[in-house]
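Taking it in order: structure first as structure tokens, then the write-up.
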Amino acid sequence: MAPGSGRTEPYPVFINTPTNPVLAYSCTETVFRIATWQIDPHVAQIVAVTGPGPTTDEVVDLVDELRQRGIRTLMTSALTAGDQEAFRLAGFIPYEHLLLLHRSLTVRDQSLFKRRNLLSPSGLRTQPVKVADRDALLTLDQQAFSHTSPLWQVDHDTLVEATRVTDEHRWRIVRRSRTNAGPAGHALTGRTGTTGFLQRIAVHPAAQKRGVGTALLADALRWLVRSGARHAFVNTQPDNLQARALYKRFGFTIRPDGLKVLRLNIERNS
């Protein structure tokens, strides 16, 4: 997970990042981050992480370079409508549409989120994620997103990398019970400047509809307010009605257009 090009609306998106991702620099000082996608050496994800948005010519040049390196398919990060233009003109087509939701935050919201957390069944509380929790969290995450598209599948390195892409982050866990320390759910939240991002929320299928997601979301939003965020963003699949209902209860609204992940199949000899 890392910041997308974000010329119109920055949003941290999922990136399967190897230890040493390739960095390609364009002439306009745009920094592209390229990493293998879904552990396939012939598929790569391209993300403009800093600098101005790339031009179509720059995208075309980068595609040519990656073709020479044996890449056969390219995926983008989740892009807003404005950020998609250069990639579309270079031949990329839509792969998956995501909803982008937003909520404004004020200092007064902190007490509201605290009350909602207290209303969670069984008085659920979040705790910091420990290094020893990470393997169990990955298993939980895979189970929570087992019926989604490959876009939502992540590995251990991806989760850890996501903690580094914003100025501050908070990674919390809700445990199954006092006698069972295994995870019922986890949430990773980041903040850069006054903008907060709900980067990952996952609840074990057996723990759904028990207030775990409510507790995690309330904790995340309360932390964002306390840390100075004034906007919160989250994305989700259009057909994830349970997640959409949860975000709606917390005051999130759907932004027009949403986000799209784009794809390009590279011809070997073009």
Just give me the residues in the range 253-264 being at pLDDT below 95 and more than 18 Å from the chain's Cα centre (by Cα), in sequence order.
P256
With the condition kept exactly as written, say whether any residue in the range 87-98 is more than 27 Å from V154 (Cα to Cα), crowded, with 21+ Cβ neighbours inside 10 Å and in contact (Cβ under 8 Å) with a residue 24 or more places away in the chain.
no
Show me the strands (runs of 3 or more DSSP E) entirely contained within the range 20-135 in which 3 or more residues are modelled with pLDDT under 90 and under 29 Å from P256 (Cα atoms).
31-37, 40-50
Considering V154, V165, which residue is surrounded by 13 or more Cβ atoms within 10 Å (Cβ to Cβ), modelled with pLDDT of 80 or more and not assigned by TED's automatic domain parsing to the domain that holds A44?
V154
What residue, of R175, R255, R230, is surrounded by 17 or more Cβ atoms within 10 Å (Cβ to Cβ) and either of a type in the set (A, V, I, L, M) or over 30 Å from R69 (Cβ atoms) (or both)?
R175
In the range 126-141, residue farthest from T236 (Cα to Cα) [restricted to those that are surrounded by 14 or more Cβ atoms within 10 Å (Cβ to Cβ) and free of Cβ contacts under 8 Å to residues at least 40 places away in the same chain]
R134
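The values are calculated or read from the model by the stated rules, or taken from the named source; none is laboratory data. Computed from a predicted model, the values in this text were never measured in an experiment. Positions of Cβ are backbone-derived with ideal geometry, glycine not excepted, and every protein chain shown enters the neighbour counts.
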